[in-house]
2 protein chains.
Amino acid sequence: MPPAGRPRTFDRDAALTRAMHVFWEKGFEGTTMADLVKTIGVKAPSVYAAFGNKDAIFKEAVALYNGLVAEGPLKELKASTIYEAVKNSLHKNVEFFTNPATPSSCLVMSAAINCAPENKGHVDDLRQNRAYYKDAFRQRFELAIKDGQLLDGADAKSLAEYFTTFVQGMAIRAKDGSTKSDLMTSCGFALSGLVPLLRDAEK
Amino acid sequence: MPPAGRPRTFDRDAALTRAMHVFWEKGFEGTTMADLVKTIGVKAPSVYAAFGNKDAIFKEAVALYNGLVAEGPLKELKASTIYEAVKNSLHKNVEFFTNPATPSSCLVMSAAINCAPENKGHVDDLRQNRAYYKDAFRQRFELAIKDGQLLDGADAKSLAEYFTTFVQGMAIRAKDGSTKSDLMTSCGFALSGLVPLLRDAEK
DNA sequence: GAATTTATGTAATCTTTGTTATATTATTTT
DNA sequence: AAAATAATATAACAAAGATTACATAAATTC
């Protein structure tokens, strides 16, 4: 039995996906409510009724995006050898950043880098997301150290910092027009930083 | 002999530097004319009389910033060995991104990543600047290849793409709070990607 | 079928932001 | 000293953007 009252004339989930894509492409401040209203295809009051305000739509869009990241690049870190885990995760990021079915680059990287003071909350939220991503790397390296896959000098925190730097750089490069092929080649260079620390010649 | 008319009550160069710092910290759209007017210390019409409009101030600020980059990271690329050139340039970037006397990170990287359509021009301009930076890397690698400092497989374009990726990543990391020490350590990893291509064990 | 509930569209409101008209002040030139 | 030049402050203007009041429409519940 559907809920009482006039039924919504649009698909809320589909609308959120479209909104996410707009934020992904234009950023939080670069996106206007008029943009969102237009992309959803109904008038402003319906959008407000369904989602709240612009801040709330953005938060939901970020949550949706985070789910995609969790199912993609983060999941790849689960591979059994550390080299494969990092390589697969990097490559998945490349696919993510250059997927022609979505805007290029990364919403978390590019939607709120610099904002007016009133939007500092979103800047901080996305920074937090990036910290979470770096921490996933750190945990994976710590596991590898515990498993004896890395040499004694290896430091999980430094490695996580380095690969996070590289991935975040790739996000910008993708925005600047680097191709999937360009980024894949760069991954090879980046992985060179890991090779000297592998205990067995696992690669 | 000073020019006719009432003299300006503020130092135009100092005002531009302050404006650059505001854009550096808050980005183009995150900065309001009220911010600029306040930081310069006179009223709006004086700022407009001295610089034109917001777009023009931003362009001048970017030009000023580019001069700093040319005198810093880009100049370091002139070192005679390729390894020193890249290492010194990376380190100079780190100093640049974490200099406590200026905002963190990089204006070209963070001031206009995502903007509303009416500001697309600035987004494109900064992208162009980043392409210019990458090209400086490429030229330096080509020189190294010509000088026989790199092995035959070395590709200047790929190396430039990789190190540009890394530097751009560092800019974001600096914005996210990574310290000078964090970034310096990452540079060590990044340089690992170059070592296998050095002809003589130059490092 | 009447009452209730919820969504919709039109149109307005309120705030922020970039910009400028006007009158005034400080300096040089004649 | 008068005229010309250019900067300054006050205050207003116009446009854009987020949000909402109001009346209406479509569904369920009683």
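No lab work stands behind these numbers, since they all come straight from the coordinates. Note that the structure is predicted; figures quoted are calculated from it, not measured. In this analysis, Cβ positions are derived from the backbone assuming ideal geometry, glycine residues included, and neighbour counts consider all displayed protein chains.
Some points to look at:
- Among residues that are surrounded by 18 or more Cβ atoms within 10 Å (Cβ to Cβ) and under 30 Å from B:Lys54 (Cβ atoms), B:Leu126 is included.
- Any hit, segment A:188-202, residues being within 10 Å of chain B (Cβ to nearest Cβ), of a type in the set (Ser, Thr, Tyr) and either free of Cβ contacts under 8 Å to residues at least 40 places away in the same chain or closer than 23 Å to B:Leu90 by Cβ (or both): yes
- Only one entry of A:Ala131, A:Ala154, A:Ala116 meets the criterion of being under 18 Å from A:Thr81 (Cβ atoms) and either buried (at least 19 other Cβ atoms within 10 Å of the Cβ) or facing chain B (nearest Cβ under 8 Å) (or both), and that entry is A:Ala154.
- For segment A:155-203, the set of residues classified as closer than 16 Å to B:Ser178 by Cβ, of a type in the set (Gly, Ala, Ser) and touching a Lys or Arg at 6+ places or on another chain (Cβ under 8 Å) consists of A:Ala156, A:Ala160, listed by residue number.
- Single match in A:Thr81, A:Thr17, A:Thr32 (criterion: of a type outside the set (D, E, K, R) and within 16 Å of DNA strand D (Cβ to nearest atom)): A:Thr32
Rundown of residues vs (1) among the aromatic types (Phe, Trp, Tyr); (2) touching an Asp or Glu at 6+ places or on another chain (Cβ under 8 Å), yes/no style:
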{"position": "B:Ala160", "(1), (2)": "no, yes"}
{"position": "B:Phe163", "(1), (2)": "yes, no"}
{"position": "B:Ile172", "(1), (2)": "no, no"}
{"position": "B:Gly177", "(1), (2)": "no, no"}
{"position": "B:Leu191", "(1), (2)": "no, no"}
{"position": "B:Arg199", "(1), (2)": "no, no"}
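- Of all residues making up segment B:46-74, the number that are away from DNA strand D (no atom under 13 Å from the Cβ) and among the hydroxyl-bearing types (Ser, Thr, Tyr): 1
- Of the residues making up segment A:68-83, at least one is over 14 Å from the mean Cα position of the chain (by Cα) and among the aromatic types (Phe, Trp, Tyr).
- Filtered residue count, segment B:35-45, keeping only those that are surrounded by fewer than 22 Cβ atoms within 10 Å (Cβ to Cβ) and within 12 Å of DNA strand D (Cβ to nearest atom): 7
- Test: residue in segment B:77-97 that is within 9 Å of DNA strand C (Cβ to nearest atom), crowded, with 17+ Cβ neighbours inside 10 Å, assigned to a loop (DSSP other than H, G, I, E, B) and in contact (Cβ under 8 Å) with a residue 40 or more places away in the chain: no
- Test: residue in segment B:52-60 that is surrounded by 17 or more Cβ atoms within 10 Å (Cβ to Cβ), in contact (Cβ under 8 Å) with a residue 12 or more places away in the chain and under 22 Å from A:Thr165 (Cα atoms): no
- Any hit, segment A:38-50, residues being more than 14 Å from every other protein chain (Cβ to nearest Cβ), among the charged types (D, E, K, R) and away from DNA strand C (no atom under 15 Å from the Cβ): no
- Segment B:98-119, residues that are within 16 Å of DNA strand D (Cβ to nearest atom) and without any contact (Cβ under 8 Å) to a residue 60 or more places away in the chain: B:Asn114, B:Pro117, B:Glu118
- Test result for B:Ser178, away from chain A (no Cβ under 11 Å) and hydroxyl-bearing (Ser, Thr, Tyr): no
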